[in-house]
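Values quoted throughout were computed directly from the atomic coordinates according to the rules given, and no laboratory measurement underlies them. Small disclaimer: the values here were computed from a predicted structure and weren't measured. Don't worry about glycine lacking a Cβ; one is built from the backbone with ideal geometry, like all the others, and counts go over all protein chains shown.
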Ligand code: ATP
Ligand code: MG
Ligand code: MG
Ligand code: MG
């Protein structure tokens, strides 16, 4: 059985053997890219090469890239395959090779190197991408009936810019893992057909009018989730049962004094705490600081969600440091920033945990009281002002309040929340301007004192001049 570490290494070695330069993962903070808060895919650090803003220093590269996807946050622990933080294995061609090379290589890797039985593998292509379908059949030798159409197999970095068709590889994990619906097939949202690899063929430029024109240089960008391929290769039910996750889950379970794989609800909480602690450890290791906006807010939100789920498990003492140590032990050799930045990571973990644990109980109690009075009044919507109060006073990110309410069939009035937040920002800005004015005049006073008393005679001089 391959470990997660071995699987990461095998992928990188395979593409090195195909002439790719191995590069370390880039930071979770995208460099010079104001359009992105966090690195969401392996291609992100290479965008300047793909767009030819910078001449690529080598034609091919392979990486295991750290990624964070906040839109997947609420799927964590619910599906078998989604994390907030995960590692994406990828191979990239910057105007070098294209479809006819990458398709047979991908097949070679899954069918011959990993030896996934071909009767479990499925391919999807865009219905108009006849070229890819033909290559899968003729160059990779895949049977025609295993290649399915998916009109969503179109990939773009944004509404304008490089784009192209893509092709995905799925593994059928068996009928017993499916939802049992008669139409359960590739693309079903249940856990039976697992998407493991996406191959993107960047071949067009899309302009403002939606017109596609062929790019002068065609690119390849692929992404395979390490945790997913580990789950397949280790024959376990979810990503969380791989060796990349089990030690973290086991530590959380130990701290909570609960057993994994006994109760479904407990398992969700264990997975959330393990996933989120891993995510915040990596985010901190790249120098992201918890804060009230941008990526700092994302970090804080994930961290506070981890603490809340830990509380649901019965953990009411600080736990993040203990769990971080397991993550550092298991990932530190490949990601030295977990060790190099240990002090920064621990300081923030401790501080955030201390602050939020102190208010979580009170905030939860207050929210419960609100819920009760809303229910008694036959209402289902919490006012934006109340949600904002929970944020301001108890540090509840509004998304957390929304989630806690949803568990009881209630919602937040988001429009009035935004108004309350906006009003708060306006007041804070005003206050800080006033503060600055006060500080400045105090500073001027200090300076005047230091200089001694000099008569201010500017106007007289001016008047004299005017007189002349
Ligand atoms: P899904 O449909 O399962 O949400 P996706 O189509 O959004 O996946 P891509 O954007 O194609 O994923 O990313 C490439 C690969 O990265 C996926 O095939 C998968 O192996 C992996 N991946 C994507 N999102 C996640 C996630 N949240 N957690 C773990 N692995 C992921
Ligand atoms: Mg997705
Ligand atoms: Mg998908
Ligand atoms: Mg995909």
**Q.** Ranked by how many other beta carbons lie within 10 Å on average, peptides 121-131, 11-21 from highest
**A.** 121-131, 11-21
Q: Just order 266-272, 308-314 by mean Cβ neighbour count inside 10 Å, highest at the front, would you?
A: 266-272, 308-314
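Got the relative contact order for the chain handy, in percent, Cα pairs under 8 Å and 6 or more residues apart?
11
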Q. Going by how many other beta carbons lie within 10 Å of each one, how would you line up 276, 334, 261, fewest first?
A. 261, 334, 276
Q. Ranked by Cβ crowding within 10 angstrom, fewest neighbours first, how are 427, 148, 284 ordered?
A. 427, 148, 284
Q) With axes computed from alpha carbons, what is the tilt in degrees of helix 320-331 against the longest principal axis of the chain, rounded to the nearest 10 within 0 to 90? A) 40
Q | Value of D in µm² per second that Stokes-Einstein yields for the chain, Kirkwood Rh from Cα pairs, at 37 °C (0.692 mPa s) | A | 130
Q: Only helical DSSP H runs with n ≥ 4 go in: add -39500 (n - 2.57) per run for the chain, normalise by residue count and round the 222 nm mean residue ellipticity to 500 deg cm²/dmol.
A: -15000 deg cm²/dmol
(Q) Can you give me the distance in nm between label points at residue 149 and residue 23, each placed 7 Å from the Cα along the Cα-to-Cβ direction? (A) 3.7
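Rounded if a/c is under 1.5, else prolate if a/b beats b/c, else oblate: with a ≥ b ≥ c from the C-alpha gyration tensor eigenvalues square-rooted, which is the range 1-109?
Oblate is the answer for the range 1-109, as a/c is 1.5 or above yet b/c matches or exceeds a/b.
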Q | residue 108-residue 435 pseudo-label distance in nm [points 7 Å out on the Cα-to-Cβ vector] | A | 6.1
Q: Please work out how much length the chain gains when fully extended from residue 392 to residue 183, using 0.36 nm per residue of separation minus the C-alpha to C-alpha distance, in nm with one decimal.
A: 70.5 nm
Q: Quick one: check the C-alpha center-to-center distance for the range 320-341 versus the range 99-146, whole angstrom.
A: 37
Q | Cα-based shape type of the range 4-234, given that a ≥ b ≥ c are square roots of the gyration tensor eigenvalues and the cut on a/c is 1.5 | A | rounded
Q. How do 323-330, 194-201 rank on mean C-beta neighbours within 10 Å, highest first?
A. 194-201, 323-330
